[in-house]
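To keep things clear, I will list the structure first and then write my remarks on it.
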Amino acid sequence: MKYIPTFIFLILFSLTAPAEDIKTYDDGKSWTLFSGVSAYNIRVRDNAPAELYHFGTAARDFSLQDKAVGPELPVRGGHYVCRPVAEVVFNDGVRDLELEFVKYEIDRTGEYPVLVLVHKDIHYPLEIIEYIKVIDDYGLYEKRTEIRNTGKKHDVVIENLQSGNFYLPKDQYEMYSLTGHWGDEFQPSVTLLTPGVKSVEVKNFRSFGSSFFAVRPEGETSRTSGKVWFGTLKYSGNWRMDFEKFTTGEVQVASGINFWDQSMTLKPGESFVSPEWVFGYTENGMDGVTGSLTGYTRDKIVHPSHRGQVRPVLYNSWYATEFDVNEEQQLELAGIAKDLGVEIFVIDDGWFKGRFNDNGGLGDWTVDRTKFPDGLSPLIRKINEMGMDFGIWIEPEMVNENSDLYRAHPDWVLHYPTRTRHTYRNQLMLNLAREDVYQYLYRSISALLKEYNIKYVKWDFNRGISEPGWPDAGKDSQRTVRIRYVQNLYRLYDALRAEFPDVWFENCASGGGRVDLGLISKTDFCWASDNTDPVDRTFIQYSYLGAFPANTMISWVTFEDHHRQGHPIDFKFDVALCGVLGIGYDITEWTDEEKTVAAGKVALYKEIRETVHNGEQYLLVSPYLSDRSALQFVSRDGKESVVFVYNLAEDLQNSSPETRSSPLITLKGLDPDADYRIDGIEGIHSGASLLNYGVEFPVYGAYKSGIFKIHRI
Ligand code: GLA
């Protein structure tokens, strides 16, 4: 790293006993933020821009000799030191920023304290304000950055504004992230950070992975112990995360909107704020990461309408009837679903005007009268009489050329006049940055939810961006389109959720194509993958649950069986029960025996869901590392725990016993001094023994599973 700190700080900082969340030192220009086991130490020298001195363990004393590790707010300007968080162009063509520190403030008006650092350019009327929230009870911080054009005359163009950055001390690091593609979401990957930059980015609004990362000293960190710096971005458009390893050994981590082919112009008096970047530091290995992020997301990020409520059991008729829907056949499915214990019956694609296949209809959000001559009311009434709520599928951001909407407004899609309008799945993407498009979608969905007793909306998004043109916006605003699109997407969700607070919203994007804290904060749960094969799902769900809480993960039981193993439905149900349960089979074809198994599993789901949805979640055994997978949930009061065990292979008869892994599984999150009873296993178990020695769950053979309830005595 070329950054050469010149300042020797004159005050002795002792950080061993964090007494406050944000400590301001006597000089009024140094702060330590304490969160969980970490300390984040920032200082300002004279009026020079703030610098980061330490981010890591709080169990450390600062000395007179401390040196800065990097600028807290690196910008394009002056000497190159590292990746800039802010890059702007002024009206006269100057592209450098030169900042000075102005003031700080500690904002205590919200649930968590926020350190606000204000910098301004030394010449031009521009301020950059950094907000660092300290979320001590989850060991997290949340950063966002704002640029304000404080001038009266000229525009300023933002060419890049990241949410924030931090630095890691010199060491050898590896970076863990979740990537993937359709049908194979959230696949873990680990890479060594060598000198240079490792970037993970989204360019078309779809990731099938996530902006979640974990950086740890190479080879030293395990699931249960060791240092990890981790985080994720609260954003659903194009995002990026960059890990720059300097040749001197330190690492800079930065994340925010991906400004590739994007820019924002600020008129005098305007400001732009980045999305929030949540990050933290733990000394409890990947378990510490999972605990912090999933706990925070579940308790504070998931949309407040249903936060804390257990999630319903859904039936979705997509796999049973696809586009060919009518009242009679939906009622037949609903009658069976009700007997199984289903709580919400959802009609997927196919119910709206002109939707006979994926060639037409998208955009026209009224009921198709050839399929439902009397509208949806008679169907919904009968479903409600059965004791179930009713839900519906929409894909509001898309349009088919074969639709009334497109015929009336061909200019409402993202396009360039001289370029091909590329379709995907026969659809074009509406330009939601436009106010008329926003208003149309708001009116259509709101009218639908007002007219019908709809309690569940599955909001799909089945293609990525192409031709991001907005001819009407004029040349200067062209590159704002993706950012304004996401702003209006969030605004649309906000408006609908405020108007219909008891409706559940599902976030779907051809499976898990858009799972992030941004949309998790607007919805109740996400469809993790279109891949519903139970074995593939075991992998996808294990990774998903390492970063996101179980109450946000919808999992269906369907006919899919990619590996042709003929899995019985009890195995499929066991896989789906560790999230939000849905049934997607053509249940008219189920035998009585299958219906009995299904009803039993639905009943079990209702028994354990308080613990699964609202408890702490732990990953016990990784399917990526062994031939089985195990997950555990512990209720908030510690009285109940639920363990899921999935066997994915059988020990071959001739394999040598000494190479097989231990049948014991050690548990987590229990009280070592308490005693426990495990349903299905004889005897009383001490917490210490379950935590340290483990227990052999009686699940044997390939594709066999078990769900075990554990009770504190
Ligand atoms: C996407 C979704 C599916 C289903 C179809 C309907 O593929 O991921 O679950 O809703 O669209 O067209």
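The values are calculated or read from the model by the stated rules, or taken from the named source; none is laboratory data. The structure displayed is predicted, hence computed values, not measured ones. Glycine also receives a Cβ, built like all others from the backbone with ideal geometry; neighbour counts cover every protein chain displayed.
Here are the criteria: (1) touching a residue at least 60 places away in the same chain (Cβ under 8 Å); (2) more than 28 Å from the chain's Cα centre (by Cα). Tell me which single one residue 629 does not satisfy.
(2)
For region 665-693, which residues satisfy the criterion of being under 32 Å from the mean Cα position of the chain (by Cα) and either in a strand (DSSP E or B) or not polar (S, T, N, Q) (or both)?
665, 667, 668, 669, 670, 671, 690, 691
Looking at (1) in a helix (DSSP H, G or I); (2) in contact (Cβ under 8 Å) with a residue 24 or more places away in the chain, can you tell me which one residue 560 breaks?
Every condition holds for residue 560 apart from (1).
When residues of region 499-536 are filtered for being within 16 Å of the ligand (Cβ to nearest atom) and either assigned to a loop (DSSP other than H, G, I, E, B) or surrounded by fewer than 24 Cβ atoms within 10 Å (Cβ to Cβ) (or both), how many remain?
Residues meeting the conditions: 16.
Suppose we keep only residues that are among the β-branched types (Val, Ile, Thr) and assigned to a loop (DSSP other than H, G, I, E, B) within region 207-224. Which one would you say is surrounded by the fewest Cβ atoms within 10 Å (Cβ to Cβ)?
224
Looking at residue 315, is it in a helix (DSSP H, G or I) and within 15 Å of the ligand (Cβ to nearest atom)?
Answer is no for this residue.
Just one of (1) in contact with a strand residue (DSSP E or B) (Cβ under 6 Å, 6 or more places away or on another chain); (2) within 16 Å of the ligand (Cβ to nearest atom); (3) closer than 19 Å to residue 443 by Cβ trips up residue 375, so point out which.
It fails just one condition, (2).
Could we say that residue 295 is of a type in the set (Gly, Ala, Ser), crowded, with 17+ Cβ neighbours inside 10 Å, more than 16 Å from the ligand (Cβ to nearest atom) and assigned to a strand (DSSP E or B) here?
So residue 295 fails the test.
Report those strands (runs of 3 or more DSSP E) wholly inside region 35-135 carrying at least 1 residues which are hydrophobic (A, V, I, L, M, F, W, C) and more than 25 Å from residue 199 (Cα to Cα).
Ranges flagged: 38-43, 99-107, 114-121, 126-135.
Name the pairs: first residue in region 436-452 and closer than 12 Å to residue 499 by Cβ, second residue of a type in the set (Gly, Ala, Ser), Cβ to Cβ under 7 Å, at least 6 apart or on different chains?
Partner pairs satisfying both residue conditions: 442/495.
Kindly evaluate residue 85 against the criterion of being within 18 Å of residue 30 (Cβ to Cβ), crowded, with 20+ Cβ neighbours inside 10 Å and in contact with a strand residue (DSSP E or B) (Cβ under 8 Å, 6 or more places away or on another chain).
No, not satisfied.
Can you tell me which of 203, 234 is within 14 Å of the chain's Cα centre (by Cα) and not β-branched (Val, Ile, Thr)?
Selected residue: 234, the only one of 203, 234 that is within 14 Å of the chain's Cα centre (by Cα) and not β-branched (Val, Ile, Thr).
When you go through (1) at pLDDT 95 or above; (2) in contact with a helix residue (DSSP H, G or I) (Cβ under 7 Å, 6 or more places away or on another chain); (3) more than 25 Å from residue 337 (Cβ to Cβ) one by one for residue 507, which number turns out not to apply?
(3)
Return the residue satisfying two criteria in turn: it lies in region 26-52 and is free of Cβ contacts under 8 Å to residues at least 24 places away in the same chain and under 34 Å from the mean Cα position of the chain (by Cα), and of such residues it is farthest from residue 140 (Cα to Cα).
That would be 30.
Tell me yes or no: at least one residue of region 170-183 is in contact with a helix residue (DSSP H, G or I) (Cβ under 7 Å, 6 or more places away or on another chain), more than 30 Å from residue 95 (Cβ to Cβ) and part of a strand (DSSP E or B).
Yes, some residue in region 170-183 is in contact with a helix residue (DSSP H, G or I) (Cβ under 7 Å, 6 or more places away or on another chain), more than 30 Å from residue 95 (Cβ to Cβ) and part of a strand (DSSP E or B).
Taking the residues in region 29-52 that are aromatic (Phe, Trp, Tyr) and surrounded by fewer than 23 Cβ atoms within 10 Å (Cβ to Cβ) as candidates, determine which candidate is farthest from residue 230 (Cα to Cα).
If we take residues in region 29-52 being aromatic (Phe, Trp, Tyr) and surrounded by fewer than 23 Cβ atoms within 10 Å (Cβ to Cβ), then 31 is farthest from residue 230 (Cα to Cα).
Just to verify a result, which residue in region 629-659, among those that are among the hydrophobic types (A, V, I, L, M, F, W, C) and outside any strand (DSSP E or B), is surrounded by the fewest Cβ atoms within 10 Å (Cβ to Cβ)?
So the residue we want is 652.
Scan (1) assigned to a loop (DSSP other than H, G, I, E, B); (2) within 15 Å of the ligand (Cβ to nearest atom) for the single condition residue 320 breaks and write down its number.
With respect to (1) assigned to a loop (DSSP other than H, G, I, E, B); (2) within 15 Å of the ligand (Cβ to nearest atom), residue 320 is out only on (1).
Please verify whether residue 515 is more than 25 Å from residue 206 (Cα to Cα) and of a type in the set (Val, Ile, Thr), treating the condition exactly as stated.
Judged against the criteria, residue 515 is not a match.
Quick one: how many residues across region 334-348 are within 16 Å of the ligand (Cβ to nearest atom) and touching a residue at least 60 places away in the same chain (Cβ under 8 Å)?
Residues in region 334-348 being within 16 Å of the ligand (Cβ to nearest atom) and touching a residue at least 60 places away in the same chain (Cβ under 8 Å): 3 in total.
Go through region 579-628 and count every residue that is crowded, with 18+ Cβ neighbours inside 10 Å and small (Gly, Ala, Ser).
Residues flagged as crowded, with 18+ Cβ neighbours inside 10 Å and small (Gly, Ala, Ser) within region 579-628 amount to 5.
If we keep just the residues of region 658-713 that are in contact with an Asp or Glu (Cβ under 9 Å, 6 or more places away or on another chain) and among the β-branched types (Val, Ile, Thr), which is nearest to residue 622 (Cα to Cα)?
665
Tell me, yes or no, whether region 559-572 has at least one residue that is modelled with pLDDT under 95 and either buried (at least 24 other Cβ atoms within 10 Å of the Cβ) or acidic (Asp, Glu) (or both).
yes
Can you spot a residue in region 573-593 that is without any contact (Cβ under 8 Å) to a residue 60 or more places away in the chain and in a strand (DSSP E or B)?
Scanning region 573-593 turns up no residue that is without any contact (Cβ under 8 Å) to a residue 60 or more places away in the chain and in a strand (DSSP E or B).
If you go through region 540-557 one residue at a time, do you hit one that is in contact (Cβ under 8 Å) with a residue 24 or more places away in the chain, assigned to a loop (DSSP other than H, G, I, E, B) and over 11 Å from the mean Cα position of the chain (by Cα)?
No, that holds for no residue.
From 343, 327, 322, which residue is touching a helix residue (DSSP H, G or I) at 6+ places or on another chain (Cβ under 8 Å) and of a type in the set (D, E, K, R)?
327
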